[in-house]
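J.: Submitted below is the structure of interest, expressed as structure tokens.
The values are calculated or read from the model by the stated rules, or taken from the named source; none is laboratory data. Bear in mind that the values here come from a model prediction, so they are computed numbers and not experimental data. A quick note on method: Cβ atoms are made from the backbone with ideal geometry, for glycine too, and the neighbour counts reach across all protein chains shown.
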Amino acid sequence: MFERLLLKIARSMLQGVFGEITKQLNVIEQQAKEPLNGFVKEVMGGAWQGPDADRFVNEVSNMIGPKVNDAGIFIKKFHSGIERALQAIEGADKQATQMVGELDNVFSKIY
């Protein structure tokens, strides 16, 4: 009984942590990725021309944007893995509780 309460508390805490991580990822996207994409659009619109401008667009488009996307993918995979682990723990706890209950029934019939 106490263990189930702990599992519920742990699940709730993890969901809170993942919610905060997701918020931070959104902040990164809003404060880093979106302005950089705006710069790229301006450069591509002709605000800056030449090989350095092309290199800037390439760097931002091919390096920074994918890194932010990679972080999001990692966070989602990490969250999914933790969620599966919690489900496995809860399933094992449920099975163990059922087995103890069955053993209790067997022993109560014997004694």
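J.: Enumerate the helices (runs of 4 or more DSSP H) found wholly within segment 1-73, keeping only those where 3 or more residues are farther than 30 Å from Ala96 by Cα, modelled with pLDDT of 90 or more and not polar (S, T, N, Q).
T.: 34-42, 51-59
J.: What's the total number of residues in segment 66-83 that are touching a residue at least 60 places away in the same chain (Cβ under 8 Å) and among the hydrophobic types (A, V, I, L, M, F, W, C)?
T.: Total meeting the criteria: 1.
J.: Tell me which residues, restricted to segment 81-111, are surrounded by 11 or more Cβ atoms within 10 Å (Cβ to Cβ) and either of a type outside the set (Val, Ile, Thr) or under 14 Å from the mean Cα position of the chain (by Cα) (or both).
T.: Ile82, Glu83, Ala85, Leu86, Gln87, Glu90, Asp93, Lys94, Ala96
J.: If we keep just the residues of segment 20-33 that are surrounded by 11 or more Cβ atoms within 10 Å (Cβ to Cβ) and of a type in the set (D, E, K, R), which is farthest from Ile73 (Cα to Cα)?
T.: Per the criteria, the residue is Lys33.
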